[in-house]
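Enquirer: Here you go, one structure.
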Amino acid sequence: MPLTVVPTPVGNLEDMTLRAIRVLRKADVILCEDTRTTSVLTRRYAIRTPLVSYHAHNERSRTESFLRRLLAGENIALVSDAGTPGISDPGACIIAEAIGAGVPVDVLPGPTAFVPALLLSGLPVHPFLFFGFLPDKAGERRAALEKLRNVTQTLIFYVSPHKLEEQLESIVSTLGNRKAALAREISKIYQECIRGASEEILTRAKTGDALRGEMILVVEGASPSEPDEDEWQSATERLRSEEISEKDIVKTINQLYGVPKNRVKEYLFSEKNTGR
């Protein structure tokens, strides 16, 4: 496979898979964010493939040359400092370019930090929305959070340690004091998950021991708003007038308005009995 995206451990080096080791050993070159960081991993597993830096500041300029090498038949492996490339780390650019050029691309399953954080949070996991890093500027951050205010899915953010306090303040002021969990140092010796209301976690960030390391903040979604009864019932009648099957009506109203399917069925049954 010319381009293979290879997840690497987010903490413990033993999280490396046998398949990932094999792919890295057979590649012609390994693209990585920081050769010094990746060399620790390659030395651990006796991987002697050449390392070339490919990071946020040079991925645009280097993608074209590596794409030519892929088209020439070279096998290139793509890694990041930790986790799966292309999510919040460099990699999405060359993946998209390779796919667009018809180059075979494979992505190995493997470590990513936000999945363990979501499960450790104890918050609902179906569905969730992974946002990644919030904007650094306060105004842009608030605007982004305003768009998430009414999202009912559990929200997941990556947070830099030195920006934790200001970002928590923005979250509390915009989204309110919701249930939350701050997971840090996933798969490392000092792994920790702090659970509680977002204001409590903010207080810990302000007054507690310094919180360091890679962090993931998981925040409760908004409470579902009660669907407007007149609106969804009128929509139900319109669909029925178009001779849509009851099964499809139930499915459509559930998807559009969030009305439980049994509630739609009860309405259809009661209206049928009244002769409407």
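Enquirer: Taking TYR190, is it in the same structural domain as LEU123 (by TED's automatic domain parsing), more than 30 Å from LEU268 (Cβ to Cβ), more than 22 Å from the chain's Cα centre (by Cα) and hydroxyl-bearing (Ser, Thr, Tyr)?
Expert: So TYR190 passes the test.
Enquirer: Right, next: Taking the stretch 162-207, which residues are under 16 Å from GLU140 (Cα atoms) and not aliphatic (A, V, I, L, M)?
Expert: LYS163, GLU166, GLN167, GLU169, SER170, SER173, THR174
Enquirer: If you don't mind, there's one more thing I want to ask. Out of everything in the stretch 71-91 that is surrounded by 20 or more Cβ atoms within 10 Å (Cβ to Cβ), of a type in the set (A, V, I, L, M, F, W, C) and not in a strand (DSSP E or B), what residue ends up being farthest from the chain's Cα centre (by Cα)?
Expert: Applying the filter and picking the extreme gives VAL79.
Enquirer: Here's something else I'd like to know. Among the listed residues LEU239, LEU202, identify the single one that is within 23 Å of PRO124 (Cα to Cα) and in a helix (DSSP H, G or I).
Expert: LEU202 is the lone residue from the list that is within 23 Å of PRO124 (Cα to Cα) and in a helix (DSSP H, G or I).
Enquirer: Might you let me know whether the stretch 157-172 holds any residue that is free of Cβ contacts under 8 Å to residues at least 12 places away in the same chain and not small (Gly, Ala, Ser)?
Expert: So far as the stretch 157-172 goes, yes, one or more of its residues are free of Cβ contacts under 8 Å to residues at least 12 places away in the same chain and not small (Gly, Ala, Ser).
Enquirer: Could you name every one of the helices (runs of 4 or more DSSP H) located completely within the stretch 100-184 that has at least 2 residues being polar (S, T, N, Q) and either on the phi < 0 side of the Ramachandran plot or more than 14 Å from the chain's Cα centre (by Cα) (or both)?
Expert: Result: 164-175.
Enquirer: Evaluate the following for LEU145: is it free of Cβ contacts under 8 Å to residues at least 60 places away in the same chain and either among the hydrophobic types (A, V, I, L, M, F, W, C) or over 21 Å from THR4 (Cα atoms) (or both)?
Expert: yes
The values are calculated or read from the model by the stated rules, or taken from the named source; none is laboratory data. These numbers were taken from a predicted model, which means no experiment stands behind them. As a convention, Cβ positions derive from the backbone with ideal geometry for all residues, glycine included, and neighbour counts pool all protein chains shown.
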